[in-house]
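Take a look at the structure below.
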Amino acid sequence: MTEQIKEQVSETAPHPASRQTIEKATEQLVQTVNEQRDPSNEASIALVESREAIAVTEPVEELPLDLKAPELYINRELSHLQFNIRVLEQALDESHPLMERLMFLLIFSSNLDEFFEIRVAELMAQLKYGRESVGPDALHPQAVMNRIGEICNAQVERQYKILNETIFPQLENENIHFQRRRDWTDEQKEWIRIFFEEKVQPVVSPIGLDPSHPFPRLVNKSLNFIVELDGKDAFGRESGLAIIPAPRSLPRLIRLPDNLCNGGDNLIFLSSIIHEFADELFPGMKVEGCYQFRITRNADLTFDSEEVEDLARTLRGELHSRKYGAAVRLEVDQRTPENLIRFLLREFSLDEAHTYRVDGPVNLTRMMALRDLVDCKQLCWKPFTPGMSGRYKQKNIFDVLRQKDELLHHPFQSFSPVVDLLRQAAKDPKVLAIKQTLYRTGVNSDIVDALVDAARNGKEVTVVIELRARFDEESNLQLAGRLQEAGALVVYGVVDFKTHAKMMLIVRREEGKLVRYAHLGTGNYHSGTARLYTDYSYMTSDADVGEDVHKIFQQLTGMGKILRLKKLHNAPFTLHARMIEMIEREAKHGKNGHIIVKINGLTEPQLIRALYQASQKGVKIELIVRGMCRLRPGIEGISENISVRSIIGRFLEHTRVYYFGNKGKPDVLCSSADWMERNMLNRVETGFPLTGKLAERIKADLDLYLADNSRSWMLHSDGSYTLNKPAEGEDLVSAQEALLSQFGS
């Protein structure tokens, strides 16, 4: 009877995720049955068997699924790698111009650099110091590291194969040549020798390794060479090894003069020059071998927030250490002898698992300079002019915004109205105060110029600068100094909560009253990225929105309790709870519910569980997640009503939009926040509602992205992605191209 119960329970278990719960209930049931069984009483046996049948068939179906089960979650780091692989895939997409395909291949390198500097570095630190932690997927850090090594080795090998066998030959066909040393003519070699003697040799410092010259401290991601030497130097030393750090001031690509070549664009790598003339760096000695390598280090900045008295001063001290953090990856020329690789691994305290042998330059990201060295317009995307609303042909943007709110979709629509709003505010005698957050902006941007002008013109300018915007810390410190010199009040936000919200507030005196104008966005105040990233800008004179933005600035610059907002939702206070609430509301609508979310990352477990529960109620959930996604779609009984797609195209998808159908009365919000733990719980973020025609426009844009069948990738329950393609007879749809055609020119 016991085995019969277990067999029946196993057959009726609705999903593996609930198996542990069911097995525990089964054991309790078996124990109860055995305790109640009386062998001498047939009626008792019949009664117990009847109870067993009821217990097996009815309660088991009512047991809730365990939505915290690890198998329902994709590992964050492995999902991040999948995004990078989708970027690499663009290098093979022949619908992209050739130079753009090369750029995608190089962006893959840049993305992988940051992945190792931050994510892998964190995993290695956990393992080193015995403070391993697991996410909702329950994968141990060592298991994650092993899988990362397998994936990265395979993809890096694939990357160089694409470069050598596809991109380089096609560039050759376009008359762009990368000259190898064996192909240099005598005239070219003489020119290169002079270049070496005049530009390279004076700034290179070769380092022989001996007891008084230990292995040097090499900068993060720098190009270096390990050299095997034979002979004795002027002091009689015979170490056999030396290191040549390539100066970072030197270009990695050098263009040969046209008069020395047979047409086209001809380039050589700095590494080739150093290889060729390495002997001249060690007079009287013989170079037996010269091999390039690069070390990647932990670049995350960490400090104890409780001990920070001056955030700016602390960061200045930490920035230098970023260049010399613990080693996390060694890239070497695949021709490097194994004994030299082992030597480097010992010096950097790494093992074989962290070694990447490459068939080409070890510092591919520096190849991005190629755009500036050759005339390649025909190999790049066709230039475009962002659309500009006719409303902004009026001289005064404040007059425009008093009439109607404005929603701009960059880069399809110009970012200049946002800059012009600030410029006008800086000069307008009616404007009294300007408040703004800055995350990634740049020191010499139009936005900063306008803020400086405003401060010098006597406006009360308050700027909340997030100093800890990763890899922009130094730029933001310089930016803070420039604004302070102009007379602006600069605040660094809250130590334990990065200020990621994109807000601008302008206070203007009109007819004896103070009127607030606000700008809220999904992206940064950066004119450059506004042409590369898709983002929304919302400009309004709505009094409630202006008051809410004012209150958020009060929280950032002052101290006090949480302030109640009228229209906006802000993290870390109300945004997360509001999202849960709205998902649960859609769940109550069941099959009439509809959720569309477009974000860059989905990793926050509570939001994922809420989506799972809504899916179980029949809610149609369509997610557009560019990068990391822990949620597994398409699991029967849990997420079969959820689809997840990722758009990878000409522009980096960056908009954050939340749509909740609400039975025909939809709620639509734009936000600065992704659905990740850091955004919802550990950052200052804003979510702002849109209504009327602006909400309808957002929904139309979302529908266009959902219809994309040329640049969208579908996520499957096993964590893999496949590229969507038009069905037979179906028109090709690219959301980005359609929006560019609609707004740009």
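Worth pointing out:
- Number of positions in region 427-449 that are more than 33 Å from the chain's Cα centre (by Cα) and under 27 Å from V494 (Cα atoms): 2
Condition check ((1) under 20 Å from H716 (Cβ atoms); (2) touching a His at 6+ places or on another chain (Cβ under 8 Å)) across all residues:
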residue: I583; (1), (2): no, no
residue: A587; (1), (2): no, no
residue: G593; (1), (2): no, no
residue: G601; (1), (2): yes, no
residue: L611; (1), (2): yes, no
residue: L631; (1), (2): yes, no
residue: I635; (1), (2): yes, yes
residue: I638; (1), (2): yes, yes
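- For D233: the one exception among (1) within 40 Å of the chain's Cα centre (by Cα); (2) at pLDDT below 95: (1)
- Only one entry in R585, R609, R626, R632 is in contact with a strand residue (DSSP E or B) (Cβ under 8 Å, 6 or more places away or on another chain), more than 23 Å from A707 (Cα to Cα), open to solvent by 20 Å² or more (accessible area, probe 1.4 Å) and not aliphatic (A, V, I, L, M), namely R585.
- Some residue of region 397-411 being open to solvent by 20 Å² or more (accessible area, probe 1.4 Å), among the aliphatic types (A, V, I, L, M) and either modelled with pLDDT under 95 or under 27 Å from E114 (Cβ atoms) (or both): no
- Listed conditions (1) out of contact with any helix residue (DSSP H, G or I) (no Cβ under 9 Å at 6 or more places or on another chain); (2) closer than 21 Å to R366 by Cβ are all met by I194, apart from (2).
- Entry remark, region 422-444: residues being modelled with pLDDT under 95, hydrophobic (A, V, I, L, M, F, W, C) and crowded, with 21+ Cβ neighbours inside 10 Å number 1 in total.
- Of all the criteria given as (1) among the basic types (K, R); (2) surrounded by 13 or more Cβ atoms within 10 Å (Cβ to Cβ); (3) outside any helix (DSSP H, G or I), the one not satisfied by R147 is (3).
- Elements of type helices (runs of 4 or more DSSP H) in region 336-444, at least 1 residues being without any contact (Cβ under 8 Å) to a residue 12 or more places away in the chain and closer than 30 Å to R255 by Cα: 370-373
- For region 487-507, the set of residues classified as in a loop (DSSP other than H, G, I, E, B) and open to solvent by less than 40 Å² (accessible area, probe 1.4 Å) consists of A488, G493, H500, A501, K502, listed by residue number.
- When L706, L723, L669 are checked against the criterion of being open to solvent by 50 Å² or more (accessible area, probe 1.4 Å), within 26 Å of the chain's Cα centre (by Cα) and modelled with pLDDT of 95 or more, a single residue qualifies: L723.
Residue by residue, here is whether (1) closer than 20 Å to N682 by Cα; (2) among the basic types (K, R); (3) in a helix (DSSP H, G or I) holds:
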site	(1), (2), (3)
I580	yes, no, yes
E584	no, no, yes
I596	no, no, no
I608	yes, no, yes
L611	no, no, yes
G618	no, no, no
I621	no, no, no
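- Hits in region 511-528 - residues which are in contact with a Phe, Trp or Tyr (Cβ under 9 Å, 6 or more places away or on another chain) and at pLDDT below 95: G523, N524, Y525, H526, S527
- All conditions but one from (1) in contact with a Ser or Thr (Cβ under 9 Å, 6 or more places away or on another chain); (2) under 19 Å from S537 (Cβ atoms) apply to G719; the one that does not is (2).
- Residues located in region 527-550, provided they are open to solvent by 40 Å² or more (accessible area, probe 1.4 Å), of a type in the set (A, V, I, L, M, F, W, C) and within 23 Å of D701 (Cα to Cα): L532
- Residues of region 700-722 that turn out to be closer than 30 Å to D405 by Cα and either of a type in the set (A, V, I, L, M, F, W, C) or touching a residue at least 60 places away in the same chain (Cβ under 8 Å) (or both), as a count: 8
- Filtered residues of region 118-144 (kept if under 21 Å from A327 (Cβ atoms), open to solvent by 30 Å² or more (accessible area, probe 1.4 Å) and in a helix (DSSP H, G or I)): R119, E122, M124, L127, K128, Y129, Q142
- Failed criterion for E730 (all others in (1) at pLDDT 95 or above; (2) open to solvent by 30 Å² or more (accessible area, probe 1.4 Å) hold): (1)
- So E165, is it surrounded by fewer than 20 Cβ atoms within 10 Å (Cβ to Cβ) and part of a helix (DSSP H, G or I): yes
- Here Q478, Q484 are screened, and the one residue that is outside any loop (DSSP other than H, G, I, E, B), polar (S, T, N, Q) and under 29 Å from the mean Cα position of the chain (by Cα) is Q478.
- Number of residues in region 283-299 that are surrounded by 19 or more Cβ atoms within 10 Å (Cβ to Cβ) and not aliphatic (A, V, I, L, M) equals 8.
- Number of positions in region 189-217 that are surrounded by 17 or more Cβ atoms within 10 Å (Cβ to Cβ) and farther than 19 Å from F269 by Cβ: 3
The values are calculated or read from the model by the stated rules, or taken from the named source; none is laboratory data. Computed from a predicted model, the values in this text were never measured in an experiment. Cβ: placed from backbone, ideal geometry, glycine included. Neighbour counts: every protein chain shown. Only protein heavy atoms, including side chains, enter the accessible area calculation; ligands, DNA and RNA are left aside. Shrake-Rupley method; radii C 1.70, N 1.55, O 1.52, S 1.80 Å.
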